[in-house]
1. Give me the residue from the stretch 37-53 that is open to solvent by less than 80 Å² (accessible area, probe 1.4 Å) and either in a loop (DSSP other than H, G, I, E, B) or more than 24 Å from residue 73 (Cβ to Cβ) (or both) and, out of that set, nearest to the ligand (Cβ to nearest atom).
2. Surrounded by 17 or more Cβ atoms within 10 Å (Cβ to Cβ) and at pLDDT 95 or above, is that true of residue 34?
3. Could you look through the stretch 1-26, keep only residues that are of a type outside the set (Phe, Trp, Tyr), touching a strand residue (DSSP E or B) at 6+ places or on another chain (Cβ under 9 Å) and touching a residue at least 40 places away in the same chain (Cβ under 8 Å), and pick out the one that is nearest to the ligand (Cβ to nearest atom)?
4. Which of the residues spanning the stretch 79-113 are more than 19 Å from residue 4 (Cα to Cα), within 16 Å of the ligand (Cβ to nearest atom), part of a loop (DSSP other than H, G, I, E, B) and open to solvent by 100 Å² or more (accessible area, probe 1.4 Å)?
5. Before we move on, is residue 76 open to solvent by 60 Å² or more (accessible area, probe 1.4 Å) and under 18 Å from residue 110 (Cα atoms)?
Amino acid sequence: MSSGGDTIFGKIIRREIPAQIVHETEHVLAFRDISPVAPSHILVIPKKPISSVASAGPADRELLGELLLEAAEIARREGLEADGYRIVTNIGSFGGQTVPHLHLHIIGGRQCHWPPG
Ligand code: DGP
């Protein structure tokens with residue numbers, strides 16, 4: 001399989017389609033969601049094509065840690081830390097996942113509600 005996998009996010013990783021990239025490391029890419037649900041809505045993804053947290057394994061332990069820490073750092077730089085924000089990852093159909101490439105949503109800049117619906 002080519003680098004990044006076969007989804008729309010793989011195309012963003014390979015720069016085959018444009019995205020507003022906000023951060024990149026060797027293993028992680030972050031870009032603004034095309035359909036933002038809040039003033040700040042950023043997706044943080046591993047470059048490795050893991051379809052969701054449910055498909056991650058022991059070999060991904062470090063990568064998942066990096067993903068979460070990068071998300072917190074991006075939120076900090078986005079100025080979201082003082083008021084708070086939400087990090088969420090959707091899994092499968094009932095979870096509302098539409099792109100089968102693991103991603104963390106950073107949602108901030110407005111009050112979030114619970115339960116999320
Ligand atoms: P989810 O429903 O959790 O699988 O979230 C997928 C998100 O991906 C959704 O909020 C919209 C976003 N998205 C889908 N296609 C694109 C795209 O081509 N570019 C960007 N930047 N975001 C996309």
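1. So the residue we want is 37.
2. On the way: surrounded by 17 or more Cβ atoms within 10 Å (Cβ to Cβ): no; at pLDDT 95 or above: yes.
Criteria not met by residue 34.
3. That would be 22.
4. 110
5. Yes, satisfied.
The values are calculated or read from the model by the stated rules, or taken from the named source; none is laboratory data. Please read all numbers here as calculations on a predicted model, not as lab measurements. Quick reminder, even Gly has a Cβ in these numbers, built from the backbone with ideal geometry, and neighbours come from all protein chains shown. Areas reflect the complete protein model, heavy atoms only, side chains present, ligands, DNA and RNA absent. Shrake-Rupley method; radii C 1.70, N 1.55, O 1.52, S 1.80 Å.
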